[in-house]
Amino acid sequence: MMAYTLRFDTSGNATAFNIAEQQKIRTALGLLETILAENLSNPKCKMIKNWFGRGNIKAVSEGLNNMHKYLTRRCTSLTFVSAPNHPQGFIGYVKPMVKTGLNPFDQSFENGNHHGHRHNDNAIHRINDNAPRHKQIVIPKQTAKTFRENCGYVNVQSGLRIYLTPAYFSGNFDQNDPNDELWFKFRCVAHELSHRILDTIDIAYGARASQRLALLAPDKNTPLNNADNWGLYLAEIYKFRNLKIRPELT
Ligand SMILES: [Zn+2]
């Protein structure tokens, strides 16, 4: 199972992860690994079409395979950091490698348009222009697409830090959302991991907007590039899995 060390840290004046919250993340990661492994042998084609559109089954399978390999072979350390409220209200974020739009150094990207950024994929786009020089990272000749394909995971650094804010702990999600706290936290973990392992960005949030990307985006890569499409797809499998194994329903 887990090949990495799971760590918990606290940043600034944020409240530390208590034992119960640590356990929720540990459980979410265990389930994520199981779901990824199951998908390798039995891809959920209908659900993939639903969340990523027709024609993306192969690309999604490669992404899931990549995520699985990263977590089981490449990753040595995964640190979840309890962080103070984010000025832009983000629930979670990663930094400072890719321009996810969640990087505090990436103000110019945040205010610009995502497509302009994507068109630079073939150049050395993975630079944080506004970051202090020692924090700038350049990975040449690497595109989001190749990042997701088989073996792309070897390019991801072996230790990751994922920042989660009070909005994560309180489950600050849409009141109309029928999904529960554990579903929400699982989705957040999967969403943030996709930023780093699959080089996703934030184009749209939420089920409705993400499925709209899958159905209507003129470029079929758009839903593949959006973190919440991965988070919500994996969280849907998580939900169905839990429903199936609840004893009163079998
Ligand atoms: Zn995101």
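Nothing in this text is a laboratory measurement; each read-out follows from the coordinates by a stated rule. Here the structure is a predicted model, which is why all the values come from computation and not from measurement. Glycine gets a Cβ as well: all are built from the backbone with ideal geometry, and neighbour counts include every protein chain shown.
Shown for Val94, Val154, Val189: other C-beta atoms within 10 Å of each C-beta, ranked fewest to most, produce the order Val154, Val94, Val189. Simple spin-label estimate for Glu181 and Thr72 gives 3.2 nm between the two label positions (7 Å along the Cα-to-Cβ direction from each Cα).
A straight chain from Thr27 to Asp219 at 0.36 nm per residue would run longer than the Cα-Cα distance by 65.6 nm.
Counting other beta carbons within 10 Å of each Cβ, put Leu234, Leu198, Leu40 in order, fewest first.
Numbers: Leu234 27, Leu198 24, Leu40 12.
Going from sparsest to densest Cβ surroundings: Leu40, Leu198, Leu234.
Note on Cys45 and Asn85: the model spin-label points, each 7 Å out from Cα along the C-beta direction, lie 4.8 nm apart. Ordered by the count of other Cβ atoms within 10 Å of each Cβ, fewest first, Arg208, Arg161, Arg187 give Arg208, Arg161, Arg187.
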